[in-house]
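The values are calculated or read from the model by the stated rules, or taken from the named source; none is laboratory data. Remember, predicted model here, so these are calculated numbers, not experimental data. No Cβ is skipped: glycine too gets one built from the backbone with ideal geometry, and neighbour counts run over all protein chains shown.
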Amino acid sequence: MSKDLQNKVLFQQVVELLQNARQQVLRTVNSTMVYTYFEIGRIIVEEEQSGKDRAEYGKQILKGLSKQLTNEFGKGFSIVNLENMRKFYLAYSISQSVTRILQIQKTQSVTGEFKSQKEQSLISFSEKSISKSLISFFKLTWTHYVFLMRIDDEKERRFYEIESEKYNWSVRELKRQYDSALYTRLALSLDKEGVLKF
């Protein structure tokens, strides 16, 4: 093998490794960000539920939180974005997969209150693994989820979520597939009598 060819092969291997690493870092950062927004939504919902007049109290929470977070972290924490995080939590906390993970988390935190220090550290480790489970559950971008949470039917939402991940759909492609009623058309194609009615 000539030296030039050997260098090209070496270069290609290194380039491929770096590109894969870069993609993995982006996926990890994105999943962590989406999970963080889910948790922010949870905190907002729990705070609202402890308030007296929920509608007015909720508006005040979002307004104050938006102002403080924007001062501390800059853009990205408008009232609209915080409302999206709240809606995101509400939409996905009822998801069967997320619900199972959250139930395990609640059970461990409640039973962990009276445990020994050794058992407490095991619970803490377990809570970290649950957080990792939730982080790995959210595989799409925040923009994907902002669109998906508008879909009321959980099965339909989950279908588009799985397809987006499987086929690496951009948000634009996801919207196009949704607008073309892909889920409904596939459901009807499985129901031959339903198709004949149209």
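Observations on the structure shown:
- Filter result for S189 (among the polar types (S, T, N, Q) and either surrounded by 15 or more Cβ atoms within 10 Å (Cβ to Cβ) or at pLDDT below 90 (or both)): yes
Quick grid of which residues meet (1) of a type in the set (S, T, N, Q); (2) modelled with pLDDT of 50 or more:
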position	(1), (2)
Q103	yes, yes
G112	no, no
S131	yes, yes
V146	no, yes
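- Any hit, the range 15-22, residues being at pLDDT below 85 and more than 26 Å from the chain's Cα centre (by Cα): no
- No other residue among G64, G58 is modelled with pLDDT of 90 or more and more than 19 Å from W142 (Cα to Cα) apart from G64.
- Some residue of the range 25-40 being in contact with a Ser or Thr (Cβ under 6 Å, 6 or more places away or on another chain) and part of a helix (DSSP H, G or I): yes
- Flag for F38 being of a type in the set (A, V, I, L, M, F, W, C), out of contact with any strand residue (DSSP E or B) (no Cβ under 8 Å at 6 or more places or on another chain), surrounded by 11 or more Cβ atoms within 10 Å (Cβ to Cβ) and modelled with pLDDT of 85 or more: yes
- Screening F88, F77, F11 for residues that are of a type in the set (F, W, Y), part of a helix (DSSP H, G or I) and either at pLDDT 90 or above or under 14 Å from the mean Cα position of the chain (by Cα) (or both) leaves exactly one candidate, F88.
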